[in-house]
Amino acid sequence: MTFIKATSSAFFGSVNNFIITPMDKNKICIIGAGTAGLAAELSLRKMGLKGEIYERLEKWGPGVLGFILLPNGLKALDRVGLGEQVRERGQVISEFVMISENGKEIYKQPLEEAFGIKRNRFLETLREAVPANAIHSGINFSKFEYDRSGKAVAATFQGGERVEASLFLGCDGVRSSVRKQLYPKYTCEKFRVKEMICLVHEPQIARFLGSSFVKAQYSKGGLAFGMVRCSPEEVIWYMQFDSVRWPFEGTTAEAKKKFVKSLVGEWDEPIPSLLDKSDFYHTHLWTMPDMEPLPQYFYKNVALVGDAAHIFLPFTSQGVNSALHDAIHLAEHLAEAIDKKEDFEATLKRYSREHKKMVEKYVQSGKNLAERFLFPKKFHHIAIPLAK
């Protein structure tokens with residue numbers, strides 16, 4: 001037996017008014033309604049499978065304010081029919097430009113199929129494509145119940161709710177509760193580089209940036225300021241800094257403003273003007289997480305998808321993109337398994353094995369880019385801060 005929501009007029013509804021219905025033998029329980037969870041539901045439904053999402057939040061928070069979509073992420077979106085919609089809501093990025101703190105151009109490289117986009121606009125596109133009754137909010141995962149063979153038979157939640165399913169997907173992000181159940185010894189560690197991120201409505205600077213992703217790099221390393229347009233009139237900027245060299249523990253808007261300006265406030269334009277237009281009350285301080293790769297991305301009939309499965313340093317810009325790829329790839333494997341009446345565990349084992357090579361490549365790319373960021377004088381060549 002399992003429960004589903006009886007009716008829902010809003011996509012992100014509450015957990016009230018559940019009714020008991022017989023469990024579909026192919027029902028898939030998706031834990032987490034971020035990029036990985038939404039993409040998993042869309043991918044499964046396109047394959048003719050049934051997935052329902054259970055999300056701990058009642059409503060969306062700002063989260064990371066925006067990101068860059070790369071070819072692998074866009075290709076995944078094309079597979080579920082949302083590629084063009086997402087492209088229309090983002091801004092083309094045609095080139096990467098690295099400059100020094102005084103504005104001198106150091107390196108330039110053309111980019112193919114890259115878009116800057118606001119997080120909320122991106123997630124809205126995914127949510128609009130998901131049926132209203134396929135997601136349940138305000139329901140916080142607690143643990144699994146297992147049968148004698150070790151397979152999960154139900155997910156239980158902190159409010160006492162219980163969901164039975166034949167397959168469970170952990171799509172609950174960097175600090176995944178599902179991952180903690182499967183691999184309790186693997187924990188996120190704080191990486192020494194931190195990031196300050198802000199979204200600014202500044203049409204003039206947005207026009208100035210055009211389709212360029214610009215990153216100003218401190219010549220002595222450990223400090224950089226990136227800018228990219230995410231709408232015709234908005235710019236996302238981020239400041240990456242080595243917290244060992246420049247420690248910062250402030251939380252107030254004034255403390256953030258003072259800290260950022262002390263480091264990059266006198267760099268070349270348009271950085272000072274962009275900071276003057278910034279609302280530091282809504283500037284997000286992000287501590288980069290890091291984690292050793294898991295031995296595999298499943299256990300029995302529970303699979304991990306996206307950041308729950310693997311954590312990449314943000315230098316790669318692969319968090320969202322690889323989550324989209326994971327979801328599409330896994331859904332295709334599952335559809336094939338059901339068609340061939342293959343056991344889910346064998347399917348997940350194949351999914352995990354195929355993904356390990358990709359994950360290891362991105363993990364290594366992140367570490368290499370971090371080393372270049374912290375100690376640029378050790379390297380003779382510039383590397384673009386994106387992993388493909």
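Using 0.36 nm per residue of separation minus the Cα-Cα distance, give me the extension gain between residue 262 and residue 100 in nm, one decimal.
Length gained, residue 262 through residue 100: 56.6 nm.
Where the Cα atoms of the chain are projected onto their three principal axes, how long is each span, largest first, in whole Å?
Sorted from largest, the Cα extents of the chain read 65, 42, 38 Å.
Can you list the aspartates and glutamates whose alpha carbon is less than 16 Å from that of residue 361, not counting same-chain residues fewer than 8 positions off?
290, 292, 307, 326, 371
Give me a comma-separated list of calculated 3J(HN,Hα) values for region 293-308, in order, Karplus coefficients 6.51, -1.76, 1.60 applied at θ = phi - 60°, integers in Hz, x for any Gly or Pro.
Karplus values, whole Hz, x for Gly and Pro: x, 5, x, 7, 10, 6, 8, 6, 10, 10, 10, 9, 10, x, 4, 5.
Past 25 Å, Cα to Cα, is the threshold; run 108/367; 46/341; 27/185; 180/349; 194/258 against it and keep the listed order.
27/185
Among 31, 93, 106, whose mean-square fluctuation peaks in a Gaussian network model of the chain (Cα, cutoff 10 Å)?
Of 31, 93, 106, the most mobile in the Gaussian network model is 106.
Dividing the alpha-carbon radius of gyration of region 199-283 by 2.2 N^0.38 Å (N being the number of residues), what value is obtained? Provide the component values of the computation, followed by the final result.
Numbers: Rg = 12.7 Å, N = 85, 2.2 N^0.38 = 11.9 Å.
This ratio for region 199-283 stands at 1.07.
In whole Å, what three semi-axes, largest first, describe the equivalent ellipsoid of region 154-239 built from its Cα gyration tensor (square root of 5 times each eigenvalue)?
40, 20, 10
When the Karplus curve 6.51 cos²θ - 1.76 cosθ + 1.60 is applied with θ = phi - 60°, which whole-Hz ³J(HN,Hα) does each residue of region 128-141 get, with x for Gly and Pro?
Once rounded to whole Hz, the list reads 4, 8, 8, x, 4, 9, 9, 9, 10, 9, x, 10, 9, 4.
In the chain, what % of DSSP beta bridges are antiparallel (nearest 5)?
Counting DSSP beta bridges with both partners in the chain, the antiparallel share is about 70 percent.
Taking region 233-268, which GluC sites (Glu not before Pro) meet the DSSP loop condition and have no more than 12 other C-beta atoms within 10 Å? Provide the component values of the computation, followed by the final result.
Numbers: sites: 233, 234, 249, 254, 266; in loops: 233, 249, 266.
In loop regions of region 233-268 (DSSP not H, G, I, E or B), the sparsely surrounded GluC sites (Glu not before Pro) are 249, 266.
Please list, ordered by chain and number, the residues whose modelled amide H lies under 5 Å from the amide H of residue 95; skip anything fewer than 5 residues away on the same chain.
Amide H to amide H, under 5 Å and 5 or more residues apart or across chains, residue 95 pairs with 111, 213.
Go ahead and estimate [θ] at 222 nm for the chain from helices alone: -39,500 (n - 2.57) per DSSP H run with n ≥ 4, summed, over the residue count, rounded to 500.
-10000 deg cm²/dmol, from helical runs alone.
Can you give the accessible area per residue of region 61-153, in Å², using a 1.4 Å probe?
Here the residues of region 61-153 average 46 Å² of exposed surface.
Mind giving me the FRET efficiency for residue 384 and residue 142? R0 is 45 Å, r the Cβ-Cβ distance, nearest 0.05 is fine.
0.60
Convert each backbone phi in region 361-366 into a coupling constant with the Karplus relation 6.51 cos²θ - 1.76 cosθ + 1.60 (shift: θ = phi - 60°), then list the ³J(HN,Hα) values in order as whole Hz, x for Gly and Pro.
5, 5, 4, 5, 4, x
Can you tell me the mean projection area, over all orientations, of the convex hull of region 139-191's alpha carbons? Units nm², please.
Averaged projected area of region 139-191's Cα convex hull equals 4.4 nm².
Cut-off 10 angstrom, C-alpha nodes, Gaussian network model of the chain. Which of 94, 262, 211 fluctuates the most?
The residue with the greatest mean-square fluctuation here is 262.
Any idea of the accessible area per residue across region 193-299, 1.4 Å probe, to the nearest Å²?
43
Using 0.36 nm times the number of residues separating residue 56 and residue 75, minus their current alpha carbon distance, what extension gain do you get?
Length gained between residue 56 and residue 75: 4.0 nm.
Shape verdict for region 162-203, please, from the Cα gyration tensor: rounded (a/c under 1.5), prolate (a/b greater than b/c) or oblate.
It is oblate, given that a/c is not under 1.5 and a/b is not larger than b/c.
Across region 164-322, how large is the tail of the calculated P(r) beyond 22 Å, expressed as a percent of all Cα pairs?
When every Cα pair of region 164-322 is considered, 51 percent fall beyond 22 Å.
With a ≥ b ≥ c the root eigenvalues of the C-alpha gyration tensor of region 25-129, is it rounded (a/c under 1.5), prolate (a/b larger than b/c) or oblate?
Prolate, since a/c reaches 1.5 and a/b exceeds b/c.
Considering only protein heavy atoms and a 1.4 Å probe, what is the carbon-and-sulfur percentage of the accessible area of the chain?
50
Please identify, among 170, 221, 306, the residue showing maximal mean-square fluctuation in a Gaussian network model of the chain using a 10 angstrom Cα cutoff.
Largest GNM mean-square fluctuation: 221.
The values are calculated or read from the model by the stated rules, or taken from the named source; none is laboratory data. Bear in mind the structure is a predicted one, so any value in this text is a computation, not a measurement. Methodologically, a virtual Cβ is constructed for each residue, glycine included, from the backbone with ideal geometry; neighbour enumeration extends over all protein chains shown. Just the protein is used for accessible areas: all its heavy atoms, side chains included, with ligands, DNA and RNA removed. Shrake-Rupley method; radii C 1.70, N 1.55, O 1.52, S 1.80 Å.
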